[in-house]
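This report refers to the structure that appears directly beneath it.
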Amino acid sequence: MNVLTARIEALERSVCSSDADIHTANLAEQVALIERQLSKTLADHTSLARALEKYEALKDIIESDGDMELARRALGITAKAELILLNDDALKILSDLHTIRDLQPRISQPEYATAADLLPQVGELEKQHAQQASAFRQIVADISSVVDKYHADTEAMSE
């Protein structure tokens, strides 16, 4: 009750003039007297009345739970939906995309740009490689048979 009385006295000092005698025995009468004085002051000073009207319009935002509450109220429906849809998997994907974005300059080097132009020639080179590998295997087999024949002939001669 002392806190309430102190608040009312502070309100009295700010609203009422210093020479007005507003102290009464009843707390409700004091509040009613202060309200009358406030309405009279607002009628005399229209700029204060407009300021209070603006404050009443923005009261919920001003007296909210801080910056997060203000940001939450200021966000549009689309932004709120995006925030709700973001979860751990999405954050992991975003971090992977960030890593890919970091590696993109290495991929975008000029050497790789010519690789796309040379891609049609790769098919021909693969065919040539397959033919050369087959010929190489055949030559290795021929040399192996000649060496085996040589060993067999030298062994026969030594007996």
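The values are calculated or read from the model by the stated rules, or taken from the named source; none is laboratory data. Since the structure is predicted, the reported quantities are computational estimates derived from the model, not experimental observations. Note that we place each Cβ from the backbone using ideal geometry, even for glycine, and neighbour counts take in every protein chain shown. Areas reflect the complete protein model, heavy atoms only, side chains present, ligands, DNA and RNA absent. Shrake-Rupley method; radii C 1.70, N 1.55, O 1.52, S 1.80 Å.
Would you check the accessible area of ARG50, probe 1.4 Å, heavy atoms only, in square angstrom rounded to 10?
130
Would you check the accessible area of TYR112, probe 1.4 Å, heavy atoms only, in square angstrom rounded to 10?
Approximately 140 Å² for this residue.
Using the Karplus curve 6.51 cos²θ - 1.76 cosθ + 1.60 with θ = phi - 60°, work out ³J(HN,Hα) for each residue of segment 126-135 in order, rounded to whole Hz, and write x for Gly and Pro.
5, 5, 4, 5, 4, 5, 5, 5, 5, 5
Would you tell me the accessible area of LEU119, worked out with a 1.4 angstrom probe on the heavy atoms of the protein chains, in Å² to the nearest 10?
Spelled out: LEU119, probe radius 1.4 Å, area about 120 Å².
In nm, to one decimal, how far is the ALA141 label point from the ALA43 one, both placed 7 Å along Cα→Cβ?
11.7
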